[in-house]
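Below is one structure, written out as structure tokens; the observations come after it.
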Amino acid sequence: TLLDRPPSPSLSASADVDLLSTTEQIRAASSEALLDAASTAALRAFFAEWMELDQLDLVAKDPELYPQWNDTLKQAMADEVLRVFEATVAQDADLRSLLTTTDGYLTPGLASLYGVADPGDPGAVVALPAERAGLLTRAAFLAANAHSSLTSPTHRGKYVRSRLLCKDVSPPPAGVVTNLDDADFSGTLRDQLESHVTDEQCAGCHNDMDPIGFAFENYGPLGEWRETDRGFPVDATAELDGVFLEGGAAMGAAVAAHDRLPACIAANAWSHVLGHLRQQPESEQLDVATDALQDAGFRLSELLL
């Protein structure tokens, strides 16, 4: 499962002669598997699933507002975060750095979107400005979790809550109006959302998501930096479980320090490697994996082993 393929003939032969029966033997075979070139593709698949990169192909953008939105730009967005992940894994570095790093890999289109100089070499590591610290400030996350012409604090907050902190978010109750089409509303999208959630049916779930998502309001529907929304100043103050902060980079740092993150990383890896969501009888084993991840300084290699 570490290579997303059936066992090799040699591995099968080892099992046949009872050479994969002890913890030490299994760990040694697993360590060898992680050195196989195929492990890179397998780990890319895990990260793409965790980051929900397939959403980039599903989301549409207003062609009048964003004529640059095309397959080339979408691929550049996905490639950037994949390469940051691959570099982290190659260095066997702390996975929490994914939420705080300013390392980037830019094409001309992505450099233009971020408002930085084109490095001229897509393979070069670029130090991005502070407001692009962490993968939650990059276009792959921001564009995928936004509408065609509007941002979505709700979608962005839901991703953080459900995929990074592993807390279930219930769907809206039947019959609740979820669109925000109100041509007469004067104010930012944040203002409109905060007005919307005065409805008690909406407040419960939105209060779990929107205060997180508001941190990303300086990033438009494509992930571009902006200071205003609908002509009004952006308010990017936010809150994560009692931690008050401002901006996407600060939110990434807060998630990196959150006590739910270790178990959530382990649960995402567990589900991908084993091909199913955690079952109740597996909770103890998953706790062991979570402890191993923390004890090893959040190195993915140790979690997988």
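The values are calculated or read from the model by the stated rules, or taken from the named source; none is laboratory data. This one's a predicted model, so the numbers in the text were calculated from it and none came from an experiment. No Cβ is skipped: glycine too gets one built from the backbone with ideal geometry, and neighbour counts run over all protein chains shown. We work out accessible area using only protein heavy atoms, side chains counted, and drop any ligands, DNA or RNA first. Shrake-Rupley method; radii C 1.70, N 1.55, O 1.52, S 1.80 Å.
Laid out as a table, the results:
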| read-out | value |
| --- | --- |
| Among Val234, Val197, Val243, residue whose mean-square fluctuation peaks in a GNM of the chain (springs only between Cα atoms under 10 Å) | Val243 |
| Relative contact order [Cα under 8 Å, 6+ residues apart], the range 201-266, whole percent | 27 |
| Linear extension gain, Ala90 paired with Phe185, 0.36 nm per residue minus alpha-carbon span | 29.3 nm |
| 10 Å Cβ shell holding at most 13 others, DSSP loop, GluC sites (Glu not before Pro): longest site-free stretch of the chain | 65-226 |
| Candidates Thr100, Thr72, Thr237: whichever shows maximal mean-square fluctuation once the chain is modelled as a Gaussian network with Cα springs under 10 Å | Thr72 |
| Separation of the Ala267 and Gln294 label points, Cα + 7 Å toward Cβ, nm | 1.5 |
| Max mean-square fluctuation residue, GNM over the chain, Cα-Cα springs under 10 Å, options Ala15, Ala238, Ala140 | Ala15 |
| Rounded FRET efficiency, nearest 0.05, which uses the C-beta distance separating Ala257 from Ala117 and R0 of 25 Å | 0.20 |
| Percent accessible area from carbon and sulfur atoms, the chain, protein chains only, probe 1.4 Å | 52 |
| Mean residue ellipticity (222 nm) of the chain, computed from DSSP H runs ≥ 4 via -39,500 (n - 2.57), nearest 500 | -13500 deg cm²/dmol |
| Helical segments meeting 24 Å axial Cα length and Kyte-Doolittle -0.5 threshold in the chain (DSSP H) | 71-90 |
| Ile26, Ile265, ranked by accessible area, largest first (probe 1.4 Å) | Ile26, Ile265 |
| Computed E for Asp241/Glu52 - FRET, C-beta separation, R0 35 angstrom, nearest 0.05 | 0.95 |
| The chain - accessible surface per residue (Å², probe 1.4 Å) | 50 |
| At R0 = 35 Å, FRET efficiency that the Cβ-Cβ distance of Gln25 and Val125 yields, to 0.05 | 0.35 |
| Sequence-separation-based contact order of the chain, relative, with Cα cut under 8 Å and 6+ spacing, percent | 19 |
| Heavy atoms of Asp259: accessible area, 1.4 Å probe, square angstrom to 10 | 130 |
| Set of lysines near Lys74 by C-alpha distance (under 24 Å), chain-local residues within fewer than 8 positions excluded | Lys61, Lys158 |
| Value of relative contact order over the range 47-160, rounded to a whole percent, pairs C-alpha under 8 Å and six or more apart | 30 |
